Structure formats: C-alpha cells, structure tokens
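For reference, the structure is listed below as structure tokens.
Please treat every number below as a calculation from the coordinates, not as lab data. A quick note: this is a predicted structure, and the numbers were derived from the prediction, not measured. Because the Cβ atoms are built from the backbone with ideal geometry, glycine has one as well, and the counts that use them run over all protein chains shown.
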Amino acid sequence: MKNQLRIIGGEWKRRVLPFAPIEGLRPTPDRVRETLFNWLMWDIQQAQVLDVCAGSGALGFEALSRGAAHVTMIEPNLEQNKFLKSNLALLNVNNAKLIQSTAQIALKQLSNNQFDVVFLDPPYSLNLWEELASLIDPKLKADAFIYVEADQPLSSLNLPSSWHLIKETKAGTVKSGLYRKID
C-alpha cells in the first residue's frame, strides 16, 4: 500500500507505519536502511540520535526500534507531524522528541555536543546539505556518526572537513554515506 513504511529490524520489526501523502516525501528504501543499520549495529544502542529532516520517520523509528536511547525528529510539515505523533503514540514511544519547524530554525535552538548519530537526508530539490551540515556540526559529540543521503555524488556536497567518509553505498539514484566526525 502507498504511504506506508515497514520497520525492518529491532523491537518493532515488520511493523507498518503510515505517513502523509505529500509530494516528494520518500522514505529511505528498505535496502539502504538495512545497510545503514548494519553499519551502525553496535553504535545505535543507547545513542542520542538526531533525524534532521524526518519526513516519513523511517530512519528515526528504525533507530528507536534498534535501541537508540533518544531520537529528536525535525519535520516542518504540519500534516506529516500529525502522522509522526500518531506513530509515536501507536508504538508507545516516550524517548523521542518531535520538533515542528524547519531544520534551520530547530538546529539553532538545540544544544551543542549532544548527538552520537545524525541522519541528514533533506529534500533533494532544496539542496540543503551544506547549510544544514554547518548547523549540525557543533551539535555532534566527538566521534559521532553522520549518515548522509543524496541524489548527487557525496563529494559534491561541501560537508565539513571534520566529517570523514567511512562507508558508502548506492541504490539506484540514491547515494549514501556514513561519516565520522574527527576533530
């Protein structure tokens, strides 16, 4: 069925969650999520996670299902926020925070040095990688992991020099990489 995502691992494995029928809203594909969470298998446990452009919530819910201590989701769309709230309630989640705001505004209000894992997967058409990465960088703990998803080569995104690419994959037009913050 359209406008649904399936959690692929952890406590809520096989659970199906709805999301709003918004043009351009695209959950990270199952295959890409499986690869990402295999990469993060030991590091997602008890992690403080930031899902910068939450969208469907696929990455944030997957992180919670796999043992993240807390997930902060940022999503500006009011309709999709209602779906995210409903899904958090459905799963009885009490270790997540949902912020209805643009990522630019929300990131300026978050404290520094608090996240172990960050998901950066903005709407491709807005080309926000560089702007959001510069706002995310001070929010990262030492040795944090940053997952970046794009529709263009990762090398063209102008990410902070302290972010070192450690793994990358491609699925169709989706290019994704896992970075490690090294100061």
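Using a cutoff of 8 angstrom between alpha carbon atoms and counting only pairs six or more residues apart, the relative contact order for the stretch 8-89 works out to 35 percent.
Summing +1 for each Lys or Arg and -1 for each Asp or Glu, what net charge is found among the other residues whose Cβ lies under 13 Å from the Cβ of A69? Taking every other residue near A69 into account, the sum is +1. The residues neighbouring Q114, those whose beta-carbon lies less than 15 Å from its own, together hold a net charge of +1 under the Lys/Arg +1, Asp/Glu -1 convention. The charge dipole of the chain, taken about its Cα centre with unit charges on the Cβ atoms of Lys, Arg (+1), Asp and Glu (-1) only, comes to about 500 debye. Answer with one residue from A150, A68, N112: the one whose Cα lies farthest towards the positive end of the charge dipole of the chain, charges on Cβ with Lys, Arg +1 and Asp, Glu -1. The Cα lying farthest towards the positive end belongs to A68.
Annotation: average projected area of the stretch 4-181 is 8.8 square nanometres, based on the convex hull of Cα atoms across all directions. Using the charge dipole of the chain (Lys, Arg: +1 at Cβ; Asp, Glu: -1 at Cβ; taken about the Cα centre), state which of F83, L25, N127 has its Cα farthest towards the positive end. Result: F83. Mean separation of Cα pairs under 8 Å and 6 or more residues apart, divided by the residue count, gives the chain a relative contact order of 17 percent. Counting only Cα atoms, the size of the stretch 16-100 along its three principal axes is 34, 27, 22 Å, in decreasing order.
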